[in-house]
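Participant: Handing you this structure, nothing more for now.
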Amino acid sequence: MKRVTSWIFLAVEAVLFCIFVAMDVMNHSAENTVKYIAIALVGIFGLRAGKNKDNIVVTVALLFTMLADIFLILVGNFVAGVCVFICVQTCYTIRFSFMSGKPLVGELLKRLLPGLILGSAATYFLGVNVGIVVAYACSFAVNFVHGFELHILKPSPRHLRFAIGLFLFACCDACVGITNLRPGFLTEQMIRNAEVMTWIFYLPSQILILSTTDALSLKRPQK
């Protein structure tokens, strides 16, 4: 039964993905609702993951992701949304500590201390919005590197899916940066393409991260 519901979940997500991409291309006003339904389903489905500590911390991260998108997509509160995404990256830091066996305090300090220092400096000189993004970027950058480092040191399909999920997540964030900063060396069409690509990267990234838990069961049980 778990295998059947996993495939149904992926089929529903695929349909929603096609719908919001088509709506994005056509610049349809209802696209945000469809996007949020798709990302909320990932978080809700994560509740099936189980009660071991790794499953719990990833499920919490996915639920924080749902909350962040409420602020960013539905409410339009940028600072609150990015602050919650820092909580998401903190959850993944905890997961890296579980996976690698490294002390949690050290792992947290490697991410939060540079984020606090650089984010505070950016806030002072450039404003709160930039400061909070810098703090988030510091945390995510270390997690991104550690994701691939973990797969190199302890190769496994699960670690690889997690690393690729973080890579797609980073691509999404890069597209968000392009869309919001609108650098002058890019054409309007390129910026528009980045806007469309944001969720093309984002939803698959979250599903890949979900797939590293026990929530998804796609293989036939061995007899």
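The values are calculated or read from the model by the stated rules, or taken from the named source; none is laboratory data. Computed from a predicted structure; not experimentally measured. Counting neighbours? That spans all protein chains shown, and the Cβs are built from the backbone with ideal geometry, glycine included.
Participant: With the requirement that a residue be free of Cβ contacts under 8 Å to residues at least 60 places away in the same chain and touching a Leu at 6+ places or on another chain (Cβ under 7 Å), what does the stretch 140-162 give you?
Facilitator: Listed by number, the residues that qualify are N143, F144, G147, H151, R161.
Participant: For I73, only one of the following conditions fails: (1) within 17 Å of S205 (Cβ to Cβ); (2) at pLDDT 90 or above. What is its number?
Facilitator: Against the list (1) within 17 Å of S205 (Cβ to Cβ); (2) at pLDDT 90 or above, I73 comes up short only on (2).
Participant: What's the number of the only condition in (1) farther than 29 Å from A135 by Cα; (2) touching a residue at least 24 places away in the same chain (Cβ under 8 Å); (3) in contact with a helix residue (DSSP H, G or I) (Cβ under 7 Å, 6 or more places away or on another chain) that A61 fails to meet?
Facilitator: Going through (1) farther than 29 Å from A135 by Cα; (2) touching a residue at least 24 places away in the same chain (Cβ under 8 Å); (3) in contact with a helix residue (DSSP H, G or I) (Cβ under 7 Å, 6 or more places away or on another chain) one by one, A61 breaks only (1).
Participant: So, in the stretch 75-115, exactly how many residues are within 19 Å of the chain's Cα centre (by Cα), part of a helix (DSSP H, G or I) and over 25 Å from R158 (Cβ atoms)?
Facilitator: Summing the residues that are within 19 Å of the chain's Cα centre (by Cα), part of a helix (DSSP H, G or I) and over 25 Å from R158 (Cβ atoms) in the stretch 75-115 gives 10.
Okay, residues lined up against (1) crowded, with 16+ Cβ neighbours inside 10 Å; (2) in contact with a Phe, Trp or Tyr (Cβ under 8 Å, 6 or more places away or on another chain); (3) part of a helix (DSSP H, G or I); (4) of a type in the set (F, W, Y):
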site: M23; (1), (2), (3), (4): yes, no, yes, no
site: S29; (1), (2), (3), (4): no, no, no, no
site: V34; (1), (2), (3), (4): yes, yes, yes, no
site: V42; (1), (2), (3), (4): yes, no, yes, no
site: N55; (1), (2), (3), (4): yes, no, yes, no
site: V60; (1), (2), (3), (4): yes, no, yes, no
site: D69; (1), (2), (3), (4): yes, yes, yes, no
site: L72; (1), (2), (3), (4): yes, yes, yes, no
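Participant: Exactly one condition in (1) exposed (fewer than 14 other Cβ atoms within 10 Å of the Cβ); (2) in contact (Cβ under 8 Å) with a residue 12 or more places away in the chain; (3) not aromatic (F, W, Y) is not met by L181; state its number.
Facilitator: (2)
Participant: Related question: Out of the residues in the stretch 83-123 that are among the aliphatic types (A, V, I, L, M) and under 25 Å from R161 (Cβ atoms), state the one that is modelled with the lowest pLDDT.
Facilitator: Checked the stretch 83-123; the qualifying residue modelled with the lowest pLDDT is M99.
Participant: Can you find, within the stretch 11-54, the residue that is farthest from L72 (Cα to Cα) among those that are in contact (Cβ under 8 Å) with a residue 24 or more places away in the chain and acidic (D, E)?
Facilitator: Selected residue: D54.
Participant: Assuming Y136 fulfils every condition listed in (1) in a helix (DSSP H, G or I); (2) modelled with pLDDT under 90 apart from one, which condition is it?
Facilitator: Checking Y136 against (1) in a helix (DSSP H, G or I); (2) modelled with pLDDT under 90, the one that fails is (2).
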